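Data block below; observations after.
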Amino acid sequence: MVDNAVQELTIDEAWKLLGDTELGRIALSVNGQPDIFPVNFYAGEGRILFRTGEGTKLSEIVVNENVAFEADAHTATDGWSVVAKGAARVLVSTHDVAAADELPLRPWIPTMKYNYVEISVTEITGRRYLFGPEPERYPV
């Protein structure tokens, strides 16, 4: 068994990994019913931003601002996962929207996404995983 197969990331390491990544998942919950959606995003300055059109994500955020966000990646030898929790809000002020328009955040698919959502992160954790064979389950 490898002693360092799972490593806790520092807060700075977690933010760095998020900043270098473009695709994550936002987890929402309304009336006890969980939902999860893939989104391309921007991460920095203690916040995560993404754009969305009208629909389920936007409606659910308005009902319950408490969200979780996860991004991860892997190679053949290792992987990582970062989970951020916080409060989501739709940007409405002209100043906030204009500032968000300056970020490197563009839709991946050819649809109109007029709404910016900002997650103010209150908690962020991450882990790095070193891959390898499963240890012997029943040693002789």
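Along the Cα→Cβ direction, 7 angstrom out, place labels at Thr75 and Asp20. What is the inter-label distance in nm?
With each label placed 7 Å out from Cα toward Cβ, I get 0.9 nm.
Inverting the mean 1/r over all pairs of different Cα atoms, compute the Kirkwood radius of the chain and quote it in Å.
Details: mean 1/r = 0.0607 Å⁻¹.
One decimal place: 16.5 Å for the Kirkwood radius.
What dipole magnitude, in Debye to the nearest 20, does segment 52-140 give about its Cα centre under +1 on Lys/Arg Cβ and -1 on Asp/Glu Cβ?
Values: 8 positive and 13 negative charges, 16 e Å.
For segment 52-140, the charge dipole is close to 80 debye.
Compute a Gaussian network model of the chain, connecting alpha carbons closer than 10 Å, and tell me which residue from Glu13, Glu123, Glu102 fluctuates the most.
Judging by the Gaussian network model, the answer is Glu102.
In the neighborhood of Val83, defined by Cβ-to-Cβ distances under 14 Å, what is the net charge if each Lys or Arg adds +1 and each Asp or Glu adds -1? Before the final figure, lay out the partial values.
Working: positive: Arg25, Lys85, Arg127, Arg128; negative: Glu8, Glu13, Glu70, Asp72, Glu123.
That sum, taken over residues with Cβ under 14 Å, equals -1.
Give me the lysines in straight-line cross-link reach of Lys57: C-alpha distance below 18 Å, same-chain residues under 8 apart excluded.
Once the sequence-local lysines are set aside, what remains near Lys57 is Lys85, Lys113.
For a quick check, take a GNM of the chain with Cα springs below 10 Å and name the residue from Ala27, Ala68, Ala98 with the largest mean-square fluctuation.
Ala98
Read-outs: derived from the displayed coordinates by stated rules, not from any lab. The structure presented is a predicted model; accordingly, all values stated were derived computationally and were not measured. Don't worry about glycine lacking a Cβ; one is built from the backbone with ideal geometry, like all the others, and counts go over all protein chains shown.
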